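Some notes on the structure that comes next.
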Amino acid sequence: MAKIAIVGAGLIGRAWAISFARSGADVALWDVDANAPAAALTTIGEMLPELRRYGLLDDEPGVVLARIHAVERLEAALDGAAHVQENSPEKLDVKRELFAKLDRIAAPETVLASSTSAILPSAFSADLAGRARMLVAHPINPPYLIPAVEIVPAPWTDGEIVKRTAALMRQAGHSPIVMQREIDGFVVNRLQGALLEEAFRLVDRGLASADDVDVALKDGLALRWSFMGPFETIDLNAPKGVRDYVARYQSIYRDMFPPGRADWAGPVLETIEASRRAKTPEADLGQRQTWRDRRLMALLAHKRKAAGEIGD
Ligand SMILES: NC(=O)c1ccc[n+]([C@@H]2O[C@H](COP(=O)([O-])OP(=O)(O)OC[C@H]3O[C@@H](n4cnc5c(N)ncnc54)[C@H](O)[C@@H]3O)[C@@H](O)[C@H]2O)c1
């Protein structure tokens, strides 16, 4: 795997270092605070044996740790790097200044990606000469345990850079979510935000306790969602799949939310159904339901065991 430069070695920077080094990459760690990379290496050294114990590290911890280097000069970190993963504080002025600097120093073929949680890629890259090689690669914390990563292009990001970043992330064991264009919250926080909004409303209106809302997820929806998305979930909840589900159940949801909702039976359904049928033909839905139930059994058995061993 190609060399990776991690710029900003705090919580997220050090987590990315594990992800990339675990996949075989040579990783350079740099931070504006000269002590941060060494501190990160100490923390990483403590985490790796635990990952190994859970079977989540193919190589010996020492071998993985030896791939990560604390580097004093930014120039040295960027030298020969195929990809820079930026993890500075979530402040627009810091990111703007840092990306201008990265653009000046990094070789033209180096991809410059930000871990930003919520800053749009256009906001930090607009005025920069190399803006076509800049984008967001937003992890879910901690990235060495949660595979999804959001790849978000600015309007001027080169499509090849998006593809290259998604391929690199796959190589590092991640599951890229490739957005077509930027929007506040990207995909994950928009979904989480919709759920949190309703969770707050239910508690605020005295309809359910906070504990019961948590139960609705951890002992309800999230069990299926941990190995299927919401679309596959509803595809398997009606005999003829997602279209059948919408026909039967959209009315339940129709009056729950303010106007401006999507029409589930509108053109969007063609897109969702085509995507689902490409994965599971209608004739195989029954078989897939059996698969789902086995996955749920395995998950419940794991949850019971983990609760006993680690705590509930
Ligand atoms: N913490 C999370 O759960 C999470 C999840 C996803 C994405 N992110 C994003 O990752 C980024 C980093 O967050 P974090 O939680 O690791 O923060 P952090 O405070 O743990 O680490 C930030 C690091 O950046 C360094 N730094 C400050 N200015 C810098 C500069 N100009 N150049 C290089 N390094 C600099 C600091 O010394 C520090 O080590 C943020 O953009 C954040 O939104 C965070």
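The values are calculated or read from the model by the stated rules, or taken from the named source; none is laboratory data. Keep in mind the model is a prediction, meaning the values are calculated, not measured. Counting neighbours? That spans all protein chains shown, and the Cβs are built from the backbone with ideal geometry, glycine included.
Just one residue in the set Ala9, Ala21 is crowded, with 23+ Cβ neighbours inside 10 Å, among the aliphatic types (A, V, I, L, M), assigned by TED's automatic domain parsing to the domain that holds Arg133 and in contact (Cβ under 8 Å) with a residue 60 or more places away in the chain; that residue is Ala9. Scan the range 13-41 for residues that are within 10 Å of the ligand (Cβ to nearest atom) and among the polar types (S, T, N, Q) and the total you get is 1.
This table checks each residue for (1) surrounded by fewer than 12 Cβ atoms within 10 Å (Cβ to Cβ); (2) in a helix (DSSP H, G or I).
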{"residue": "Asn237", "(1), (2)": "no, no"}
{"residue": "Arg243", "(1), (2)": "no, yes"}
{"residue": "Pro259", "(1), (2)": "yes, no"}
{"residue": "Ile272", "(1), (2)": "no, yes"}
{"residue": "Arg276", "(1), (2)": "no, yes"}
{"residue": "Gln287", "(1), (2)": "yes, yes"}
{"residue": "Asp293", "(1), (2)": "yes, yes"}
{"residue": "Met297", "(1), (2)": "yes, yes"}
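If I filter the range 136-155 for residues that are more than 16 Å from the ligand (Cβ to nearest atom) and surrounded by fewer than 17 Cβ atoms within 10 Å (Cβ to Cβ), do I get at least one hit? Yes: one or more hits. Criterion first (near the ligand (Cβ under 8 Å from one of its atoms) and more than 22 Å from the chain's Cα centre (by Cα)) does Ala9 satisfy it? Considered against the rule, which asks whether it is near the ligand (Cβ under 8 Å from one of its atoms) and more than 22 Å from the chain's Cα centre (by Cα), Ala9 comes out as no.
Restricted to the range 50-125, the set of helices (runs of 4 or more DSSP H) holding at least 3 residues that are within 14 Å of the ligand (Cβ to nearest atom) and of a type in the set (A, V, I, L, M, F, W, C) comprises 74-78, 92-105.
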